[in-house]
1. At 7 Å along the Cα-to-beta-carbon direction for both LEU354 and ALA228, put a label point, then send me their distance in nm to one decimal.
2. List the pairs from LYS67/LYS268; LYS253/LYS366; LYS123/LYS177; LYS206/LYS366 whose alpha-carbon separation is above 26 Å, in the order I gave them.
3. Using only the Cα atoms of segment 125-212, build the gyration tensor, take square roots of its eigenvalues as a ≥ b ≥ c, and label the shape rounded, prolate or oblate: rounded if a/c is under 1.5, else prolate if a/b is larger than b/c, else oblate.
4. Any idea what the relative contact order of segment 260-392 is, in percent, if you count C-alpha pairs under 8 Å spaced at least 6 apart?
5. Provide the packing ranking of 38-47, 163-172, i.e. peptides ordered by the mean count of other C-beta atoms within 10 Å per residue, highest first.
6. Grab the beta carbon distance between ILE173 and ARG57, set R0 = 41 Å, and tell me the FRET efficiency rounded to 0.05.
7. Multiplying the sequence separation of LYS281 and ALA194 by 0.36 nm and subtracting their Cα-Cα distance, what value in nm do you get?
8. Which length gain, in nm to one decimal place, applies between GLU136 and LYS331 when the Cα-Cα distance is subtracted from 0.36 nm times their residue separation?
Amino acid sequence: MNRNMNTLLTRLGNHNPRSLSVPETIPLTLSSVFAFEDVDSLNQVYEGEAEGFIYSRMTNPVHEALKEVMRTIDGGEDALVFSSGMAAITSTLITHLEAGDHVLASHALYGETYEFLKYQLSKFHIDVTFVDFGDENIDRYFNPKTRLVYTETISNPLMNVNDLRKLAEAAHIHGAKMVVDNTFATPVVCQPLAHGADIVIYSATKYLCGHGDVTGGIVVSDQETIRAIDKVGTLYGGCMSPFDAWILIRSLKTLELRMKEHSRNALKLATFFNNHPKINKVFYPGLNSSPCYDRASSLFNNQLFGGMLTIDLKGAEDSYRTFIDHLVGIKFVPSLAGVKTSVCSPAITSHRNLNDQELEEAGIAKSFIRISTGLEHIDDLIAEFDSVLNLI
Ligand SMILES: *Cc1c(COP(=O)(O)O)cnc(C)c1O
């Protein structure tokens with residue numbers, strides 16, 4: 001064996017144990033590339049005739065394990081993982097669209113999804129119509145070039161629940177696919193594929209991770225669609241780090257427990273706010289009084305409505321400032337879905353780019369506070385919110 005130091009340093013440390021036992025949890029395979037025994041082995045893996053990996057931008061053992069979890073809990077044939085929710089969204093859109101095509105999208109979408117649809121797709125001469133999917137007659141917005149219908153299960157910040165079955169039916173009649181961003185609901189609360197959606201997308205950064213330490217995206221669909229998105233996604237290069245995939249596999253083990261508790265706490269908070277004299281209105285699909293309650297009950301699993309709610313404060317226009325600035329244990333965070341409860345003001349975070357008129361058209365007031373309900377004891381949450389409400 002060559003004893004030169006550099007040769008030793010570069011070749012050692014790759015011990016792959018052969019033993020009668022296997023690791024009880026998945027090993028973190030950080031390898032960006034894989035070595036082959038011989039030319040035949042490489043040819044077989046490339047042609048899909050033998051199991052094996054090539055290059056981690058394409059896929060990696062940890063990615064495969066995460067895909068298996070996601071396709072199973074979402075009831076899809078296959079899945080893909082990405083470096084962020086936006087990478088999942090943009091790769092899915094670009095795969096399905098070309099110049100001259102048309103997209104029908106909800107008017108109430110995650111800010112950056114809206115920006116991509118409106119300002120990036122137009123560069124490729126792809127036309128997007130933004131529609132209120134609560135509209136009874138959406139058929140009139142389709143045209144022969146409509147390829148995709150794009151929506152979110154629960155909209156932000158009004159927490160409207162879209163009629164996924166009706167939208168999927170309309171999409172299919174017009175030969176389009178329906179894409180649903182299910183980030184707020186997760187497969188625990190809603191499985192859009194079972195209601196007719198063709199493609200489900202997640203920002204794994206939110207509840208799938210749930211602990212605020214991963215940025216990632218996931219797509220679940222049928223095998224043919226996944227193969228097509230995979231080809232394009234590999235070119236655009238938004239691949240998930242194997243470490244993030246590993247953390248997500250670990251986080252997903254508690255997804256159902258977390259979503260049940262997020263939902264239970266959110267319903268209790270919504271009920272508390274609904275009866276509070278300092279609150280104008282509560283937006284939460286799990287409240288009996290919500291206009292979305294019946295639809296949400298029929299689409300959602302086990303009477304769970306998720307952890308996100310929005311409240312409209314009474315009082316002066318800057319009451320949101322007093323509210324946010326006096327919270328102590330509950331943090332002001334421009335994201336969501338962690339184990340700790342957090343609040344944000346949609347007008348100065350997610351919808352900051354809208355002017356006053358656009359905010360009004362979107363039905364968003366400066367007095368709105370969006371709450372991401374965490375896993376604390378409900379009594380502590382109610383006590384802290386009650387104390388700041390008494391200041392406005
Ligand atoms: C956060 C979020 C995204 C974007 O995901 P990133 O992981 O931040 O890229 C997309 N859709 C929804 C509904 C989100 O909340």
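1. About 3.2 nm separates the two model spin labels.
2. Checking Cα-Cα distances, LYS67/LYS268; LYS253/LYS366 exceed 26 Å.
3. Because a/c hits 1.5 or more and a/b exceeds b/c, segment 125-212 counts as prolate.
4. Working: 217 pairs, mean separation 39.8, N = 133.
The value is 30 percent.
5. Ranked from most to least packed, the peptides come out as 163-172, 38-47.
6. In this case the efficiency is close to 0.60.
7. 28.1 nm
8. 66.3 nm
The values are calculated or read from the model by the stated rules, or taken from the named source; none is laboratory data. Just so it is clear, the structure is predicted and the values come from calculations on it, not from any experiment. Here the Cβ is made from the backbone with ideal geometry for all residues, glycine too, and neighbour counts use every protein chain on show. Areas reflect the complete protein model, heavy atoms only, side chains present, ligands, DNA and RNA absent. Shrake-Rupley method; radii C 1.70, N 1.55, O 1.52, S 1.80 Å.
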